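Colleague: Starting off with a structure, shown below.
The values are calculated or read from the model by the stated rules, or taken from the named source; none is laboratory data. Remember, it's a predicted structure, so these values are computed and weren't measured experimentally. Neighbour counts run over all protein chains shown; Cβ positions are idealised from the backbone, glycine included. Heads up: the accessible areas ignore ligands, DNA and RNA and are worked out on the full protein's heavy atoms, side chains in. Shrake-Rupley method; radii C 1.70, N 1.55, O 1.52, S 1.80 Å.
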Amino acid sequence: MNHRGPALAAVAAALIAVVSAGPATAPAAAAPVLGGSIEIPCAASVLRQSASWYLPEGDPRGLVWVQHGFARNSDNVASLARTLSDSGYLVFAPSLPFFDLAGCTLQNLGDNTPFLDAIATLFATAGDPAGALSRSLSDAAARQGVTPPAIPANFVFVGHSAGGEAVEYVAHSLHVRHPETWDHLRGVVLLDPVKSFLGANTDRALTDLDDTDLPILAISAPPSLCNNFGTGTTALQTLLHRPFLGVRLPAGTHTDAEGTSSDALGEALCGTPDATNIDTVELLTAGWAGDFFNGATTADFYVAADAAGAEAVAAVPGAVPLHGAP
């Protein structure tokens, strides 16, 4: 008998309960963090969702979209967002719905692709001062009395859990619907990505992206209930024909990407983030993003043969390299 359905439903119900009770409290930020909102077309209306902007010191080196996972919110990725802003990037971290009667949700509960296409349009119009992304940043900055930086032309997507599938699909939407913007997407980082139980958004997106040279790298945990038994990582390895797709952390947990921004329920259901794994996630995410923006390859962040001839990633000893299909 397959017990996954009831177990997954229990996880979902518990997460819904905690999100309904209110957002997690993020640790105090060392760099300027602007609280605001983002307007996203949804069916016949417009959703106004909370969104955080993390400002780097000086001119940003690029824009990074950091997307949380199912039944979570932007506070749960605050630690990672702060690390990226400390690395010189302007970080956009919106809170996206996990339930909406019109289907405007982070994960696919029927057909959320029009909603994800609308998110792609945010980036396609990022250079327009009247665009939703620019207005979100300028309004948030005005409320705190600071001068916002210009939104950089180039960007990287980072998605955790169900947010991994979302950023995959938005990348696909840019490729298909906004070719003029596509070249400004420099890479995608997936943090223990999870496929939706309904639809084929992951497969559709990765099948399209496989024919491009867009860098796509992942940091995954072992299969578990919280990552839908590793289906998101399996899809990467099956559908992308690339020699290196990132790493699996043998002792990783689904919440490692949330780091110190996770909460008691997330830890109870999906494991307590390990300090070493948190450092690994933040090191590789920031390092890969830097390489994506610079068109560089920092050798320690990629697979190579070690002194004994075994495959390894020098920056993270003990991590298992992930490979794509032959």
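Colleague: State the number of residues belonging to segment 144-166 that are touching a Leu at 6+ places or on another chain (Cβ under 8 Å) and surrounded by fewer than 18 Cβ atoms within 10 Å (Cβ to Cβ).
Modeller: If we filter segment 144-166 for residues that are touching a Leu at 6+ places or on another chain (Cβ under 8 Å), which is where we start, we get 144, 146, 148-149, 151-152, 154-164, 166.
Applying the additional criterion that residues be surrounded by fewer than 18 Cβ atoms within 10 Å (Cβ to Cβ) yields 144, 146, 149, 154.
Number of matching residues: 4.
Colleague: Please list, ordered by first then second residue, the pairs with beta carbon atoms under 7 Å, 6 or more apart or interchain, first in segment 130-159 and farther than 15 Å from P94 by Cβ, second of a type in the set (A, V, I, L, M) and surrounded by fewer than 18 Cβ atoms within 10 Å (Cβ to Cβ).
Modeller: No pair meets every condition.
Colleague: Also, I was wondering about something else. Taking A307 as the residue in question, decide whether it is open to solvent by 60 Å² or more (accessible area, probe 1.4 Å) and either touching a residue at least 40 places away in the same chain (Cβ under 8 Å) or farther than 18 Å from I216 by Cβ (or both).
Modeller: yes
Colleague: Collect the residues in segment 235-254 that are assigned to a loop (DSSP other than H, G, I, E, B) and open to solvent by less than 60 Å² (accessible area, probe 1.4 Å), keeping them in residue-number order.
Modeller: Residues satisfying the conditions are L240, R242, F244, L245, L249, G252, T253.
Colleague: If a residue must be of a type in the set (A, V, I, L, M, F, W, C), within 15 Å of L245 (Cα to Cα) and open to solvent by less than 70 Å² (accessible area, probe 1.4 Å), how many such residues does segment 295-304 contain?
Modeller: Residues flagged as of a type in the set (A, V, I, L, M, F, W, C), within 15 Å of L245 (Cα to Cα) and open to solvent by less than 70 Å² (accessible area, probe 1.4 Å) within segment 295-304 amount to 3.
Colleague: Next up: Which one is most open to solvent (accessible area, probe 1.4 Å) among residues in segment 181-215 that are out of contact with any Gly (no Cβ under 8 Å at 6 or more places or on another chain) and under 14 Å from T233 (Cβ atoms)?
Modeller: D203
Colleague: Could you run through segment 128-138 and say how many residues are open to solvent by 10 Å² or more (accessible area, probe 1.4 Å) and more than 10 Å from E39 (Cα to Cα)?
Modeller: Adding up the residues that qualify gives 5.
Colleague: Do we have any residue at all in segment 281-294 that's touching an Asp or Glu at 6+ places or on another chain (Cβ under 6 Å), open to solvent by less than 20 Å² (accessible area, probe 1.4 Å), hydroxyl-bearing (S, T, Y) and under 25 Å from L63 (Cα atoms)?
Modeller: Of the residues in segment 281-294, the ones touching an Asp or Glu at 6+ places or on another chain (Cβ under 6 Å) are 281.
Imposing the further condition that a residue be open to solvent by less than 20 Å² (accessible area, probe 1.4 Å) reduces the set to 281.
This time we only want the ones that are hydroxyl-bearing (S, T, Y), so: none.
Scanning segment 281-294, I find no residue that is touching an Asp or Glu at 6+ places or on another chain (Cβ under 6 Å), open to solvent by less than 20 Å² (accessible area, probe 1.4 Å), hydroxyl-bearing (S, T, Y) and under 25 Å from L63 (Cα atoms), so the answer is no.
Colleague: For segment 92-108, enumerate the residues that are under 19 Å from the mean Cα position of the chain (by Cα) and farther than 18 Å from G159 by Cα.
Modeller: Narrowing segment 92-108 to residues under 19 Å from the mean Cα position of the chain (by Cα): 92-99, 104-108.
The answer is F99, and nothing else.
Colleague: Here is a further query. Take the residues of segment 255-271 that are surrounded by fewer than 24 Cβ atoms within 10 Å (Cβ to Cβ) and hydrophobic (A, V, I, L, M, F, W, C): which is nearest to A205 (Cα to Cα)?
Modeller: Of segment 255-271, the ones surrounded by fewer than 24 Cβ atoms within 10 Å (Cβ to Cβ) are 259-260, 263-265, 267-269, 271.
Imposing the further condition that a residue be hydrophobic (A, V, I, L, M, F, W, C) reduces the set to 264-265, 268-269.
Numbers: A264: 33, L265: 31, A268: 32, L269: 29 Å.
Restricting to residues being surrounded by fewer than 24 Cβ atoms within 10 Å (Cβ to Cβ) and hydrophobic (A, V, I, L, M, F, W, C), the top hit is L269.
Colleague: Being farther than 15 Å from W65 by Cβ, open to solvent by less than 50 Å² (accessible area, probe 1.4 Å), of a type in the set (A, V, I, L, M, F, W, C) and outside any loop (DSSP other than H, G, I, E, B) narrows it down to one residue among A171, A141; which is it?
Modeller: A141
Colleague: Among the residues in segment 43-55, are any in contact (Cβ under 8 Å) with a residue 24 or more places away in the chain, surrounded by 20 or more Cβ atoms within 10 Å (Cβ to Cβ) and outside any strand (DSSP E or B)?
Modeller: Taking every residue of segment 43-55 in turn, at least one turns out to be in contact (Cβ under 8 Å) with a residue 24 or more places away in the chain, surrounded by 20 or more Cβ atoms within 10 Å (Cβ to Cβ) and outside any strand (DSSP E or B).
Colleague: In segment 64-89, how many are surrounded by 24 or more Cβ atoms within 10 Å (Cβ to Cβ) and either touching a His at 6+ places or on another chain (Cβ under 9 Å) or part of a helix (DSSP H, G or I) (or both)?
Modeller: Adding up the residues that qualify gives 14.
Colleague: Now, a different point. Could you please find all residues in segment 146-164 being β-branched (V, I, T) and assigned to a loop (DSSP other than H, G, I, E, B)?
Modeller: Those that are β-branched (V, I, T) and assigned to a loop (DSSP other than H, G, I, E, B): V146, T147, I151.
Colleague: Something else now. Only one residue in D256, D213 is over 16 Å from V77 (Cβ atoms) and modelled with pLDDT of 95 or more. Which one?
Modeller: Answer to the check: D213.
Colleague: What are the pairs, 6+ residues apart or on separate chains, where a residue within segment 258-277 that is acidic (D, E) has its Cβ under 8 Å from a residue that is surrounded by fewer than 15 Cβ atoms within 10 Å (Cβ to Cβ) and modelled with pLDDT of 95 or more?
Modeller: D274/A251
Colleague: Please work out which one of (1) of a type outside the set (A, V, I, L, M, F, W, C); (2) open to solvent by 30 Å² or more (accessible area, probe 1.4 Å); (3) in a loop (DSSP other than H, G, I, E, B) is the condition G324 fails and give its number.
Modeller: In the conditions (1) of a type outside the set (A, V, I, L, M, F, W, C); (2) open to solvent by 30 Å² or more (accessible area, probe 1.4 Å); (3) in a loop (DSSP other than H, G, I, E, B), G324 misses (2) alone.
Colleague: Pick from F92, F123, F98, F115: which is modelled with pLDDT under 95 and either surrounded by fewer than 20 Cβ atoms within 10 Å (Cβ to Cβ) or not basic (K, R) (or both)? Step through it out loud before you land on a result.
Modeller: Working: F92 fails: modelled with pLDDT under 95; F123 fails: modelled with pLDDT under 95; F115 fails: modelled with pLDDT under 95.
The unique qualifying residue is F98.
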